[in-house]
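Values in this text are rule-based calculations from the coordinates and carry no lab data. Treat the numbers as computed from the prediction; the structure is a model and nothing was measured. Because the Cβ atoms are built from the backbone with ideal geometry, glycine has one as well, and the counts that use them run over all protein chains shown.
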Amino acid sequence: MLTLALALPIAGVPTVRGTHLAFPGVLARVALYGLGLTLGTMGFAAIASFTGLYFASRHWTDPALALVLFGGCFIVTRLLFADTVNRWDGFRVALVSFIVESAGLFVLWAATTHDVALAGAALSGCGFALVFPALGVEALKTVTIQNHGSALGVHGISRFGDGHHRPDRRIYRWEVRLFGDFPLWLRSGRLRVCDYAPPLSLGP
């Protein structure tokens, strides 16, 4: 009800008429951006799924604090730097975001103390914060305005944003059983390096 009360005073958006792309056409245009988003969110899946076990294996306390720092830094970064996507363009912001997130995951993997691990989680949250808006803005540029809703939906939800979490967690669990946590954080950070490919290949 509070959300409805806040939304009612906002002026309506005029309907834009025109040809709408079918789902396969929208998917084809935003697929590479969605791939970058998918790889970018795999680090979050690893942190959300395994931080508690990772801290327990190191005999560290307060694993929940790592998640709090990740989420808190995510929110603060999104609030403070949201305008950078419009000022610097989405590709540059996405590339910097992936580099920061990669650094955070590598710090988390190499951490020898509780505080260093917390710093890695916080850094990952800062990096992950602008991945969705940066790639989303660029994905919307590939379609006409009347197809923006479909493109954003495909980019953020259908298959790319949330759909990978469950199977990826299964892969992570399989790796941990076989090899311990060494490849978990390393692979997450390595996949962030793979994230650089979509912005570099699509960017100006």
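Go through the stretch 118-127 residue by residue and turn each phi into a ³J(HN,Hα) via Karplus (6.51, -1.76, 1.60, θ = phi - 60°); whole Hz please, and just put x for glycine and proline.
4, 4, x, 5, 5, 5, 4, x, 4, x
Please identify every one of the trypsin sites (Lys or Arg not before Pro) in the stretch 9-79 that sits in a loop by DSSP and has no more than 13 other beta carbons within 10 Å of its own beta carbon.
Values: sites: Arg17, Arg29, Arg58, Arg78; in loops: Arg17, Arg58.
Counting only loop positions with at most 13 other Cβ atoms within 10 Å, the trypsin sites (Lys or Arg not before Pro) in the stretch 9-79 are Arg17.
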